[in-house]
Amino acid sequence: MMTELKPDIAEVTALTGTIVNEVSKAIVGKDEVLKNIFAAFLSGGHVLLEDFPGLAKTLTANSFADVLGMSFRRIQFTPDLLPGDITGGYVYDRSENKFILRKGPIFANIILADEINRASPRTQSALLEAMQEQQVTLEGVTMPLPDPFIVIATQNPIEYEGTFPLPEAQLDRFLIKLSIGYPNHEQEKEIISKRRLRKQDKVDLNVISGIEEFLAARQLLESVHVDEDIEDYIVELVQRTRSHRKIAVGASPRASLALLKLSRAWAAMQGKDYVLPDDVRRFVLPVLSHRIILDPDLWATPQAVEGVLKELLSAIPVPVIND
């Protein structure tokens, strides 16, 4: 049931700033990444974090759950993890002499799928229905998942032994792919200084928003205006990936929808009720980088995907929109 809360654009902008500021108490110096993650949350999508170990991927997911007042579950993906370990199932209860449902960890608002590429394809596929349909089916019975339902998956880009690369069908279900990156000298110094001053590992964060307030903000995005020229620009960006000489497989229409949703979210987060080309361009790399497959000759080239997408961006005329 939809909340009766009806925030305006200014309230969404203020809420975004407050949430990011609170999360940044735990995640130092990464405000732009945090804003991109929150834009994905508002857009109703899932996030893939690909980065090196120790860069606060798990802490980021947990911190957002704390600040947004949402339930959180962490699932450690390993080669022996089974689909039932994620979704749950029916077990026999001797005391009641019947089978009862034991729900798995997937029944939460925010799910951290840690090192998702370490599990088998069979187990990875257990997330497919949940991510796309926001429901799971157990023994022929379909059950809805909590609303909102957000998956944040992590994977390590340097360890490939014993891993199972995510299939394109599952990659396409992630709205956005991001990297947190290493902190610079001053940021890392701030991290250790804050740890010394608080005298504990845990960072105590305040709850800034409830679920109803978050869902109302998400619904507000439907009122953000998108000019027809912006829509043409989004479609042209995605369709060019299907004909680019350096791209073997281009992006699906899900990429166009992702750019639409994220640009609307970003516009609202910046206090606008309309989308500008720069709102779209901001998300081209994180939306398209995991949705295209380069020509095999480029697979060994460092940062080849980024280079190709920047080339594509520079080749397509930017529409002129009067703000």
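Given the residues V23, V28, V47, which is the only one that is more than 11 Å from the chain's Cα centre (by Cα) and open to solvent by less than 10 Å² (accessible area, probe 1.4 Å)?
From the options V23, V28, V47, the qualifying one is V23.
Only one residue in E96, E129 is among the acidic types (D, E), surrounded by fewer than 20 Cβ atoms within 10 Å (Cβ to Cβ) and under 18 Å from the mean Cα position of the chain (by Cα). Which one?
Criteria check complete, one pass: E129.
For the range 106-116, give me each residue that is touching a Ser or Thr at 6+ places or on another chain (Cβ under 9 Å) and either open to solvent by 10 Å² or more (accessible area, probe 1.4 Å) or under 21 Å from D147 (Cα atoms) (or both).
Result: I106, F107, A108, N109, I110, L112, A113, D114, E115.
Please indicate, with yes or no, whether at least one residue in the range 139-148 is closer than 30 Å to Y92 by Cβ and surrounded by 15 or more Cβ atoms within 10 Å (Cβ to Cβ).
Checking the range 139-148: at least one residue is closer than 30 Å to Y92 by Cβ and surrounded by 15 or more Cβ atoms within 10 Å (Cβ to Cβ).
Take the residues in the range 270-289 that are of a type outside the set (A, V, I, L, M, F, W, C) and crowded, with 21+ Cβ neighbours inside 10 Å; name whichever of them is farthest from P319 (Cα to Cα).
Here the answer is P286.
Within the range 261-268, is even one residue among the small types (G, A, S), free of Cβ contacts under 8 Å to residues at least 60 places away in the same chain and surrounded by fewer than 20 Cβ atoms within 10 Å (Cβ to Cβ)?
no
Just give me the residues in the range 223-254 being aliphatic (A, V, I, L, M), within 17 Å of L175 (Cβ to Cβ) and touching an Asp or Glu at 6+ places or on another chain (Cβ under 8 Å), in sequence order.
Scanning the range 223-254 gives a single hit, V224.
Can you pull out the residues in the range 165-204 that are polar (S, T, N, Q) and not in a loop (DSSP other than H, G, I, E, B)?
Correct list: Q170, Q187, S193.
The values are calculated or read from the model by the stated rules, or taken from the named source; none is laboratory data. Just so you know, these numbers come straight off a predicted model, no measurement behind them. Glycine also receives a Cβ, built like all others from the backbone with ideal geometry; neighbour counts cover every protein chain displayed. Note: accessible area is taken over every heavy atom of the protein model, side chains too, but ligands, DNA and RNA are not part of it. Shrake-Rupley method; radii C 1.70, N 1.55, O 1.52, S 1.80 Å.
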